[in-house]
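The values are calculated or read from the model by the stated rules, or taken from the named source; none is laboratory data. Just so it is clear, the structure is predicted and the values come from calculations on it, not from any experiment. Here the Cβ positions follow ideal geometry from the backbone for every residue, glycine too, while neighbour counts run over all protein chains shown. SASA here: full protein model, heavy atoms, side chains in, ligands and nucleic acids out. Shrake-Rupley method; radii C 1.70, N 1.55, O 1.52, S 1.80 Å.
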Amino acid sequence: MKYAMVIDQQKCVGCGGCILACKAENNTPPDINWCDKITRTSGTFPDVRFEYISTMCNHCDNAPCVTVCPTRAMYKSPRGLTLHDPDKCIGCKACMVSCPYGVISFNWQTPHREWQKESQLVAAGTFTPREMLLRAGGEGNPHANPERGVSYPVLRARGTVEKCTFCDHRLAKGLEPACVEACPPRARIVGDLDDPESEVSRLIRRYDGTPLRPELGTRARVFYIRSYSPERRT
């Protein structure tokens, strides 16, 4: 079995629910998004076209980040996921430089460090961020998801990279990635690309699904089908 994802651009409404769900599930700091977007506007009014393209790690079969990693911190799992071992990461950023999709982030500072502050917003009227963190019992921030820690640290370390894992901890339980589950119009589908009868395989065949920048030969496993064509009312 090899996981892949299909994103239906015609169904995607650009709500950003996938981005928010990913942040909540994977405890990413404010300045890092594992699930993100590309927006483009082209044309001249009134013939203007707007594109919203969801992005994340493409879990490439021929992953440049895995090839260049000197410590094998970036590696391929048996089910085709591109994963990261922070214990082996030396923060060299070779993976970031080699990734043609720009979806690997670096922790320049300790993530969620704002929750260590001892100052109150309102003196004698509110908790300090650190007090709230201790009362909530969270790791890094009060609303941290402990289930993320099953296969990847809840709180990543300063000086290491991080990126989308396809929510491998959820897949291991038979659940969908958080971004897939949160998508209101079901524009995202995840499944087994090795199974020709899986939904992802059928959608790719039916709509000639293609990854971003296929000319690079990375054999990315996130496929895009159709395009957003808004209905015109006269």
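Number of residues in segment 119-135 that are out of contact with any Phe, Trp or Tyr (no Cβ under 6 Å at 6 or more places or on another chain) and open to solvent by less than 60 Å² (accessible area, probe 1.4 Å): the value is 3.
Checked against (1) within 24 Å of Arg202 (Cβ to Cβ); (2) under 18 Å from the mean Cα position of the chain (by Cα); (3) not small (Gly, Ala, Ser), Lys11 passes all but condition (2). Within this structure, Thr126 passes the test of being modelled with pLDDT under 90, polar (S, T, N, Q) and farther than 27 Å from Asp192 by Cβ. One residue stands out among those in segment 154-189 that are part of a helix (DSSP H, G or I) and open to solvent by less than 60 Å² (accessible area, probe 1.4 Å): the one that is farthest from Lys23 (Cα to Cα), which is Leu171. Go through segment 190-226 and report how many residues are open to solvent by 20 Å² or more (accessible area, probe 1.4 Å) and of a type in the set (Ser, Thr, Tyr). The total comes to 3. Only one entry in Gly17, Gly43, Gly102, Gly91 is modelled with pLDDT under 95 and either under 22 Å from Ala182 (Cβ atoms) or among the small types (Gly, Ala, Ser) (or both), namely Gly43. In segment 65-77, the count of residues that are closer than 29 Å to Arg202 by Cβ and either of a type in the set (Lys, Arg) or surrounded by 20 or more Cβ atoms within 10 Å (Cβ to Cβ) (or both) is one or more. Entry remark, segment 83-119: residues being outside any loop (DSSP other than H, G, I, E, B), hydroxyl-bearing (Ser, Thr, Tyr) and closer than 22 Å to Gly140 by Cα number 1 in total. Out of Tyr152, Tyr228, one residue alone is farther than 27 Å from Asn107 by Cβ and of a type in the set (Phe, Trp, Tyr). It is Tyr228. Among the residues of segment 33-52, write down those that are open to solvent by less than 30 Å² (accessible area, probe 1.4 Å) and either over 25 Å from Arg79 (Cβ atoms) or assigned to a helix (DSSP H, G or I) (or both). Scanning segment 33-52 gives no hits.
Only one of the numbered conditions (1) modelled with pLDDT of 95 or more; (2) surrounded by 15 or more Cβ atoms within 10 Å (Cβ to Cβ); (3) under 21 Å from Ile32 (Cβ atoms) is violated by His112, and that is (1).
If you go through segment 133-159 and keep only what is over 14 Å from Asn27 (Cβ atoms) and touching a residue at least 12 places away in the same chain (Cβ under 8 Å), you end up with Arg158, Gly159. Scanning segment 16-32 for residues that are under 22 Å from Leu175 (Cα atoms) and either polar (S, T, N, Q) or open to solvent by 60 Å² or more (accessible area, probe 1.4 Å) (or both) turns up Leu20, Ala24, Asn26, Asn27, Thr28. In this structure, does Ala4 turn out to be open to solvent by 10 Å² or more (accessible area, probe 1.4 Å), of a type in the set (A, V, I, L, M) and modelled with pLDDT of 95 or more? Here the answer is no, as Ala4 does not meet what is asked.
Going by the structure shown, is Phe127 part of a loop (DSSP other than H, G, I, E, B), of a type in the set (Phe, Trp, Tyr) and over 18 Å from the mean Cα position of the chain (by Cα)? Judged against the criteria, Phe127 is a match.
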